[in-house]
1. Might you check whether a residue that is touching a strand residue (DSSP E or B) at 6+ places or on another chain (Cβ under 9 Å) and in a helix (DSSP H, G or I) occurs anywhere in region 77-90?
2. Which numbered condition in (1) farther than 19 Å from Asp3 by Cβ; (2) within 13 Å of the chain's Cα centre (by Cα); (3) at pLDDT below 90 is the only one that Ser62 fails?
3. Inspect region 38-49 for any residue being more than 14 Å from the chain's Cα centre (by Cα) and of a type in the set (S, T, N, Q) and give the result as yes or no.
4. Show the residue pairs meeting these rules: Cβ distance below 6 Å; 6+ apart or different chains; first residue within region 6-22 and over 12 Å from Ala33 (Cβ atoms) and aliphatic (A, V, I, L, M); second residue in a loop (DSSP other than H, G, I, E, B) and at pLDDT below 85.
5. Cβ-Cβ distance below 8 Å, separation of 6 or more or different chains: which pairs start in region 65-85 with a residue that is farther than 8 Å from Ile54 by Cβ and end on one that is among the hydroxyl-bearing types (Ser, Thr, Tyr) and not in a strand (DSSP E or B)?
6. In region 53-67, what residues are assigned to a loop (DSSP other than H, G, I, E, B) and exposed (fewer than 14 other Cβ atoms within 10 Å of the Cβ)?
7. Among the residues of region 4-40, write down those that are in a loop (DSSP other than H, G, I, E, B), surrounded by fewer than 12 Cβ atoms within 10 Å (Cβ to Cβ) and of a type in the set (D, E, K, R).
8. Sort out which residues of region 76-90 are over 16 Å from Asn11 (Cβ atoms) and either touching a His at 6+ places or on another chain (Cβ under 6 Å) or modelled with pLDDT under 80 (or both), and write them in order of number.
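The values are calculated or read from the model by the stated rules, or taken from the named source; none is laboratory data. Computed from a predicted structure; not experimentally measured. Please note: Cβ atoms are built from the backbone with ideal geometry, for glycine as well, and neighbour counts cover all protein chains shown.
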Amino acid sequence: MFDAANHFSINLTRARRPKFGNRDFPTAGEGKAALEGMIVMFGDYKINETEHSISLHIIGSSFPAWDNTNKKRFITISDDVLTYKNPAPASGGGTAVVTLKRATSSTE
């Protein structure tokens, strides 16, 4: 989510994460697998139209080393779709690509 006041919240979860055996009380292994299957961050952002990039100032994250850091992503915007690329994802290897579509309001 990117809002007009330049705040963002990104919540990514890996597909097919295993369910907990006991819904409210995961084992240590289940909790570890759940945490390793997600990336969460929030903060504020600035767009650089010349570079086709977005600079994220991360206030907080599921990766504590990212708290109060800045990350740059390269973006394209087409109609209501924003795509950003991370050339060095935490998972290692390759480029991570995230595609976001503008939400419509309930009055549209």
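1. No, that holds for no residue.
2. (3)
3. Yes - at least one qualifying residue is present in region 38-49.
4. Within 6 Å, no pair qualifies.
5. Close Cβ pairs satisfying both conditions: Lys85/Thr95.
6. Phe63, Asp67
7. Residues satisfying the conditions are Arg16, Lys19, Arg23, Asp24.
8. Pro87, Ala88
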